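These notes concern the structure reproduced below.
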Amino acid sequence: MAVDVRTTPVPASATPGSRRPRLPRAERLRSFALFGAPGLLVYTCFVLAPIAISFGYSLTNHNPFNPPTRFVGLDNYRLLFTDSEFLTSLRVTTILTVIVVIVPNVAGLGIAVLLDRKGWLYNALRTVFFTPMVLSSVVVSVVWTRMLDDEGLVNQTLRALGVEQPPGWLSDPRLALYSIAIILSWQMLGFCVVVYLAGLQGVPNELAEAASIDGAGPVRRFRSITWPLLAPSLTINTVVLLITAFKVFDHIQVITHGGPGTGTTATIAYDVLQTGLVANRQGYASAMAIVMLVIIAAAAGVTLKVLNRREVNL
Amino acid sequence: MKDSRLPWLRPVVALVISAFFLVPLYMILVNVFKQGEKITQSPASLPDPPTLENITGLLGRTDNLFWASLTNSIVVTTLSIILLTVLSAMLGHFLARSRSRWARVAMLLLLSGLMIPPQVILMPITQVLRALGLMTTLQGLVLFNVGYYIPFGVFVFTGFLRGIPIELEEAAAIDGASRSRIFWRVVFPLLRPATASVLIFLGVWIWNDFINPLVILGPSQGTTITTGIYRSIGQYQADFGTVFALMFLATLPVLIFYLFLQKHFVKGLTGGATKG
């Protein structure tokens, strides 16, 4: 997920060769056909075209088991904003996203500052923190389910400590969403740690030393020097967490199936596939998917814009 | 700067926090070697006595769950990352060196692909694949992976190419080398670090992928290693021995891979974060 979200790569004009004569048209077409076309073709077939198809379906009542398909205009979209199931999934996804953007960001920064030292111990610990990132979400979900189950490790421990009625982390409708947010935060934390550590290593020592001579304490030094220089790391972490949390599906599918109760943990991503591939209301599910895409693009765009403004150049 | 007071505080705090991170891994490790019923009774205890029952039981299953899933995962991951590396290196090179306005449009479209959730395209994908006769086939899954992950590859390669002077390619062209020859003999070897990042990250992601193989391969055509785990928790509610053995064997290759190549992981991740 090395998403360099700040800069749109500038393919052509940035290369110093803008003065060079362009190749003849036939030559350029040949090189497009040879190098550009194959990749773009696959991308078009499997990403761009499906989005267009989704949009098309979102204007119909398509259901493969209940023909005929009729054009219904914007009815699906209108229905969405009065559909309590969809509005719930929007709320669930928002809560989850807010938690997952904040918790790993804050904890990751703390741990990165803690580990920003030389030596074998700190190297080994970095490896440990990053490990959840290479585990499959399915594995993470199953292991955490075993731990947070009503009779799982956590509650067994709590009982041993004298808590008589430990909470139902995954079975209590009021708690399950927060438990899932913590599981996802746990999995993403390592990513934030690694990105912040890289950022910290880019902060020149001389600046901190100079400030120290001027009498700035550690808190002041962090606030006035380190934190502003970590702006690019904050941008990357925030955008990656935002996108990851917003499209969470695997954990819901494996751990709660959207429950307990009705839709207490059903995210938009989960709702889209339930409506489209289980209930087969593909026209309606497509409208959901398009709304999801618009929200995610807008949220990522705004976040990028706001955070980019903070970034300073040394 | 040195930690002046309490020099032991930092390592102790760091160790305590990391313990919290190791608990789930510890859970996998001890429970694989435990008898089924003890997994639920005492999840955290050491296996006493340790048993290989779970693993041998899984490997010897008559429905071949493990071996079939493993083969599918290996085939899909290997084919996907080879195709992805080749196609995204070529496309990335083309876009990085092209001066046309269309190249910029294509680049923008590809970059926005980095944030598209698979759920948005999976429904139409099933129709596209059905039309091509590739639904519920490994080839279909591979092709989908190539399309879905190509933005990441292109993103890494174009970023890297910005640091490689175009003069090298021009010199080769003056010497009379063809476009393909220039790409494969001059450019591609120079892209090695970027190629490593692409292979490693996409390898891990595709190996761990869940929803895409679940939907595209469907229930009848076998499983990958991750969908295999998912199916076995539904099917054998009580048999956590099998589930843990499957999780252990599914994670082991990725973990070993990660421990050996961690430098590349970190470099690949932070390439974008440190460069201004």
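Some notes on this structure:
- Residue in the stretch B:143-155 that is more than 8 Å from chain A (Cβ to nearest Cβ), farther than 23 Å from residue B:266 by Cα and crowded, with 22+ Cβ neighbours inside 10 Å present: yes
- Extreme residue, surrounded by the most Cβ atoms within 10 Å (Cβ to Cβ), among residues of the stretch A:200-220 that are part of a helix (DSSP H, G or I), more than 9 Å from every other protein chain (Cβ to nearest Cβ) and of a type outside the set (Gly, Ala, Ser): A:200
- Residue check for residue B:44: closer than 30 Å to residue A:112 by Cα, of a type in the set (Gly, Ala, Ser), touching a helix residue (DSSP H, G or I) at 6+ places or on another chain (Cβ under 6 Å) and in a loop (DSSP other than H, G, I, E, B): yes
- Candidates A:173, A:204, A:218, filtered to the one that is under 20 Å from residue A:259 (Cα atoms) and of a type outside the set (A, V, I, L, M, F, W, C): A:173
- Subset of the stretch A:128-177 [of a type in the set (Gly, Ala, Ser) and at the interface with chain B (Cβ under 7 Å from one of its Cβ atoms)]: A:136, A:137, A:152
For (1) assigned to a helix (DSSP H, G or I); (2) in contact with a Pro (Cβ under 9 Å, 6 or more places away or on another chain); (3) modelled with pLDDT of 90 or more, each residue gets a yes or a no:
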{"residue": "A:96", "(1), (2), (3)": "yes, no, yes"}
{"residue": "A:107", "(1), (2), (3)": "yes, no, yes"}
{"residue": "A:110", "(1), (2), (3)": "yes, no, yes"}
{"residue": "A:118", "(1), (2), (3)": "no, no, no"}
{"residue": "A:129", "(1), (2), (3)": "yes, no, no"}
{"residue": "A:143", "(1), (2), (3)": "yes, yes, yes"}
{"residue": "A:157", "(1), (2), (3)": "yes, yes, no"}
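- Within the stretch B:8-21, residues that are closer than 10 Å to residue A:115 by Cβ and without any contact (Cβ under 8 Å) to a residue 12 or more places away in the chain reach partners that are of a type in the set (Ser, Thr, Tyr) and surrounded by 11 or more Cβ atoms within 10 Å (Cβ to Cβ) with beta carbons closer than 8 Å, at six or more positions or on different chains, in the pairs B:14/A:122.
- Residue check for residue A:250: within 21 Å of residue A:189 (Cα to Cα), in contact (Cβ under 8 Å) with a residue 24 or more places away in the chain, among the acidic types (Asp, Glu) and crowded, with 23+ Cβ neighbours inside 10 Å: yes
- Residue within the stretch A:249-267 that is under 13 Å from residue A:90 (Cβ atoms) and in a helix (DSSP H, G or I) present: no
- Residue in the stretch B:84-101 that is nearest to the other protein chains (Cβ to nearest Cβ), counting only those that are surrounded by fewer than 19 Cβ atoms within 10 Å (Cβ to Cβ) and not in a helix (DSSP H, G or I): B:99
- Criterion (within 11 Å of another protein chain (Cβ to nearest Cβ), within 18 Å of residue B:55 (Cα to Cα) and at pLDDT 85 or above) met by exactly one of B:257, B:201, B:248, B:210: B:248
The values are calculated or read from the model by the stated rules, or taken from the named source; none is laboratory data. Predicted, not measured: the structure shown is a model, and the values here were computed from it. Reconstructed Cβ throughout: ideal geometry from the backbone, glycine too, with neighbour counts over all protein chains shown.
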